[in-house]
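Heads up, the thing below is written out as C-alpha cells.
The values are calculated or read from the model by the stated rules, or taken from the named source; none is laboratory data. Everything numeric in this text was worked out from a predicted model, so none of it was measured. Ideal geometry is used to build each Cβ from the backbone, glycine not excepted, and the neighbour counts take in all protein chains shown. Calculation scope for accessible area: heavy atoms of the full protein, side chains included, ligands and nucleic acids excluded. Shrake-Rupley method; radii C 1.70, N 1.55, O 1.52, S 1.80 Å.
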Amino acid sequence: MLATRGTDWIWALILMALAVLMATWDIVSMAGNRRAEAEERLDALARVVEARTNHTLQSINALLRDADAELDMSLPPGDQTYHRYLTTRARFEPHALTITVVTLDGNIVHSTNPVLVGQNVGERSYLRYFQTHPQANDLFVAEPVISLLQRTVIFAALPSRDDSGKLRAIMVTALAPSLFSDIVEAALPSEPSGAISVTNSDHTILARAPSTDNSPIGRSLAKVPLRLAHLATGKAASIQEGPGAIDGMTRIIALRTVAPWGLIIGVSATRDDILRPILPRLIGDTFIVILISAFAIALVRMRDNRKRGREIAQEQVAKARDYYMQVLDEMPTLVRRMDDAGQCQYVNATWSTMTGQSLAEAQGQGWLSVIHPEDRANLGNVGEHDYRLVCIDGGDAWIHEVARPLRDPDGTLMGLLASGIDITEARHFQEKLQQSNAELEQFAYVASHDMREPLRMINSYMGLIERRMGTDLSTEIKEFIAFARDGAERMDRLIQDLLQYSRIGRLSAPKAMIDLNVCLAKAQNMLGLAMTEQSATVSACELPTLFASSDDMVRLFQNLIANAIKYHQPGLPPRVVIDARRQTGAWCISVSDNGIGISRDFFDRIFRIFQRLHGRDEHGGGSGIGLSICKKIVESHGGHIWVDSPGPNQGSVFCFTLPA
C-alpha cells in the first residue's frame, strides 16, 4: 500500500513538472513569435517611411540640380530672368517654400523671394558642412531652424560647382517641418507607445510622431546607445533594443539609413506593449499549471480514497444484492429475469408458489411449460403482454406482464426483467361488462324500434283522419292534428338522436392512424346540398394524421360545419375556416365561422344534451343534440372541446384537442 502510494506521488510530481515545462515553452515560444512579428512589422513601417522620404528628397534634389544647371554666376544678384525661372520651377515642387542661391560667404544672390536677396544667412550648418566637406556632392538636409523670414524651416542644400569642379555656391531650399511630420504620422505603429523619428546625417531629429509637450524636434541623438549600435553594424537596417532616448522606456526599434542622404529612420514600440498580448496566455497557462497540479494531487488522494472505499463498496453491494433478491422473492408480483439469449435465469418465490415450479425447473426454457401454449409467442420480447398461467391447482390465471430491457453500465443489452400481476378477476369483470354492453345495445335498439312504432302509427292515423274528413274539419281541428303530427315527428327524431348518441365509442369504426383531410372531405361531400343552397365555403389548412376513429371524425366535422351553415347571418353566405396547431402532446383543431355568434353566458350550455338557445322553428329546427355528440366524440378520444365568440353576429370559433 505504501509503495503504491509513493509511486502515485512520483507520477503526480512528474505530471506537474511537465505542465510547468509546457507552460514555459508556450510562453517563450509565443513571446518569440510576437517579438519576431513586431520586428517585421516595425521594419516594414520603416521601409514605408524610407520610401516616401527618399521619394521626397529625390524630388528636392532634382529641383536644386535643375536650378544649378541654369545658374550663371556672372548674372547680377536678383536677376529677373533667373528669378522667373526659379519661381516657375518652384511651382512644380510644393514642398519647397523658397529656393535661394547662397555664396560661400553666406550672401543670398538669388531667391524666389526677392526680399531675401542681398541678406546674409549667417552661421548655417549647411555652410559649415560644405566648407568642411568640399568634395561632397549629395544633398544635405540641415536641422530645423528659424529662417530669415521668422519661420521654422528645414534647409536642404546642394553644392554648385563650376566647370573645373570648384565649389562656387550652395543651392538651398527651405522645407516646412510638416513635410516629414506628415510622413511619420501616416505610418505610426498601432501600439499605444508606438513612435517614429527621422534624423539627418548629424543625428538631429527632423520629425517625430506622436508629438509630445516637450517637443524633441532639433534634439541630437548622436550619443544615444541604440543609434551608436546601429551605426556600428555598418548595415543600412538593423533591429535594436534598449532605453528610448525620449522617454527612457525599453523599446524595440527598427532603424534604417536612407542613402545617399544620410537620414536615419527609427520606428519603435515599448517591449511591454509588444509583449502585452501574451499576458492572457501567461495567466491562462499559470492557471492550467495550478489546475493540473491540483488535479494531480486530488487524483492521488482520490485513488487512496477509492482504494479504501472499494472494500466498503463491495460489502455494501453484497448486502444490497442480498436485499434486492429478498425483495424480489417477497414481492406479490411474478418476477422473471431473462438473459440476452432468451434463457430464464431467475423467477421469484411468488412464481414458484403460484405455479409449483422451483427456480431450477424454471431456468432455461422450463418456465414456458406453465404458460398456455396459445400465449407463448411474444413473451420473450420487451413490452406489455397478457397471457394465461397454469397454476399449481391446474386452473388458468390471467397475467398482465410488463417486460423492460436490462442493460449494463455501458448500455449493453443484458436481457430483460418482467413483472406480472394476476388480472383474472379484472378479466372476468371485463368479459361481463362487454356482455352487459351488448345486452344494453340490443335493448336500446329494441326500445327505440318499439318506441318509434307507436309514433309512426299516431302520425299515420292523424294523416288518415285528415284525408277522410277533408273539408268537414274545422280550422281548429286541423290545427290540433298538425300539432299532434309535429309532436310525433319530433319525438321520433329525439329517439333517433338519442340512439346515435348512445352508440358513440361503442359501434364506431376501430381507431387507427387516419388522415383528417380525408375525413373533412367526406363530411363536406355529405353536406354538399346544404352548402350549395346557402353558398357556403369551407377552407382548411393541411390537417394532421392522428390515431382516431374515421367514422367519429367525419361525424365531428359534419356536425360543426352543419352548425355553422344552420346558424349563419341572414344575407351573408356562410364562411368556415378550419385550422390546426401543434401543442405539447396534442393537436388543436379550430372551426371558425361568420355566423350569428354566441353570448358568453351560453358557452357551457350549448354542449348539454337537448339544449337549444333558439325556438324550435328558428334556424331550421333541431333536437339540440349535435354539439353534445361532438363533445362525446372528442372526450372519447381523450380530448377537450370548447367554444369562443366575441358576441352576437360576430361569428364563433369551436376548438377541440386530440392526442398527437
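A few comments on the model shown:
- Note on Val115 and Met331: the model spin-label points, each 7 Å out from Cα along the C-beta direction, lie 11.3 nm apart.
- Computed with a 1.4 Å probe over protein heavy atoms only, the accessible area of His400 comes to about 50 Å².
- Theoretical FRET efficiency, 1/(1+(r/R0)^6), r = Cβ-Cβ of Arg321 and Asp410, R0 25 Å, to 0.05: 0.80
- Taking only alpha carbon atoms, region 505-596 gives an Rg to Rh ratio of 0.99, where Rh is the Kirkwood radius.
- Across region 1-134, the mean sequence separation of Cα contacts (distance under 8 Å, 6 or more residues apart), normalised by length, yields a relative contact order of 14 percent.
- Taking a ≥ b ≥ c as the square roots of the eigenvalues of the Cα gyration tensor, an a/c ratio of 1.5 or more together with a/b larger than b/c marks region 514-565 as prolate.
- Relative contact order (%) - criterion: Cα under 8 Å, at least six apart; region: region 217-330: 12 percent
- Annotation: amide H of Thr98 within the under-5 Å range of Ala174, sequence separation 5 or more or interchain, hydrogens built in the peptide plane.
- Förster radius 56 Å - calculated FRET efficiency between Phe287 and Asp138 (Cβ-Cβ, nearest 0.05): 0.45
- Per-pair calculated FRET efficiency, R0 = 25 Å: Gln363 and Ser419 via Cβ, rounded to 0.05: 0.90
- Surface calculation, 1.4 Å probe, protein heavy atoms: Glu39 sits at approximately 50 Å² accessible.
- Global geometry of region 1-87, whether rounded, prolate or oblate, following the gyration tensor of its Cα atoms and the 1.5 cut on a/c: prolate
- CD proxy at 222 nm, helix term only [per DSSP H run n ≥ 4: -39500 (n - 2.57); per residue of the chain; nearest 500]: -15500 deg cm²/dmol
- Think of a 1.4 Å ball rolled over the protein heavy atoms: region 305-376 then has 62 Å² of accessible area per residue.
- Overall form of the chain per C-alpha gyration tensor (a/c, 1.5; a/b vs b/c): oblate
- Estimated vicinal HN-Hα couplings, Hz - region 79-93 in sequence order (Karplus 6.51, -1.76, 1.60; Gly, Pro = x): 3, 5, 5, 5, 5, 5, 4, 4, 5, 5, 5, 5, 5, 7, 9
- Label-point separation in nm, Ala259 to Phe429, each point 7 Å along Cα→Cβ: 11.1 nm
- Reported to the nearest whole Å, the Cα centre-to-centre distance from region 198-218 to region 33-78 is 17.
- Label sites at Arg308 and Ala521, each approximated as a point 7 angstrom past Cα along Cα to Cβ, lie 7.6 nm apart.
- Long-range amide H partners of Leu221 with built H, under 5 Å: Thr204, Ile205
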